[in-house]
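Down below is the structure, laid out as structure tokens.
None of the figures in this text is laboratory data; all of them are computed from the coordinates on show. Note that this is a predicted model, so its numbers are computed, not measured. Note that each Cβ is placed from the backbone with ideal geometry, even for glycine, and that neighbours are counted across all protein chains shown.
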Amino acid sequence: MSDEMRPDPDFLLSALPPDEDHHHRGKLKIFFGACAGVGKTCTMLEAAQNKKKQGIDVIIGLVETHKRQETEALLEGLEVLPRKNIDYKGVTLKEFDLDAALARKPSLIIVDELAHTNAPGCRHMKRWQDIAELLAAGIDVYTALNTQHLESLNDSIAKITSVIVRETVPDEFFNQADEVVLVDLPVSELLQRLKEGKVYLGESAERARENFFKKVLFLL
């Protein structure tokens, strides 16, 4: 099916009556955390591994490990969908391959970083729109999101942290989740993980510590 002929996922989700929506729509589970480093992706992958042990057909659509060994170890034994190469201004970008996921049609797919903005040339501008299409196709989805990326919380957190986050997810989509799993850590433990390079590596860790990672954030 060509991109021009493919129905809009938002229309598909809204057009189903409540009883049909429950029957046909995939289930959405969001692993929700205060910020990066609290363990959302690891918790999500542990849940995926448990589903596989139960005999569920589960695949990895896209997971950002950021070269963290503990995260990469949790991918072992799980089928990983190859990423789609997008050529943009002479640079090859690797994105989630939505069409390959729809063709594979697993029972459950893991698609990390819900608020991600797709590269130009992808069918949808935002990853949450990709996930909406997966759900409309009857595929269950696990994904992860930080509080600052939720549209209704974005401005409040920006005032506290002085960091403006441009990528957001509409509350309307978030509220469609069948389950939200809160993932959190004590402040001292999170800062220790940052120091040990378990959140970001090298200069990225230092920039994060000086800017976004402030104890005041956890007073929300």
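Net charge around Asp97, counting only other residues with Cβ within less than 11 Å of its Cβ (Lys, Arg = +1; Asp, Glu = -1)? Computed value for this residue: +2.
Beta carbons within 10 angstrom, averaged per residue: use that to sort the peptides 111-122, 25-36, 84-95, highest first. Before the final figure, lay out each step's value.
Working: 111-122: 19.0, 25-36: 20.9, 84-95: 11.9.
Peptide ranking by packing, descending: 25-36, 111-122, 84-95.
So, by mean Cβ neighbours within 10 angstrom, what's the order for 56-63, 169-176 with the highest one leading? Show your work: numbers first, answer last.
Details: 56-63: 20.0, 169-176: 15.5.
Result, highest mean Cβ count within 10 Å first: 56-63, 169-176.
Take the Cα of His24, step 7 Å toward its Cβ, do the same at Leu182, and the gap between the two points is 3.5 nm.
Rounded to the nearest 20 debye, what is the charge dipole size of the stretch 9-187 about its Cα centre when +1 sits on each Lys and Arg Cβ and -1 on each Asp and Glu Cβ?
Numbers: 20 positive and 28 negative charges, 100 e Å.
Computed about the Cα centre, the dipole is about 480 debye.
Checking the cross-link pairs Lys52/Lys195; Lys29/Lys105; Lys84/Lys126 against a 24 Å limit on the alpha carbon distance flags Lys52/Lys195 as lying beyond it. Subtracting the Cα-Cα distance of Ala137 and Glu151 from their residue separation scaled by 0.36 nm leaves 2.5 nm. For the stretch 9-187, a/c is less than 1.5, where a ≥ b ≥ c are the root eigenvalues of the C-alpha gyration tensor. That puts it in the rounded class.
Taking the Cα of Val91, stepping 7 Å toward and past its beta carbon, and measuring to each backbone N in the stretch 39-71: which are under 20 Å? Only 63-67 pass the distance filter.
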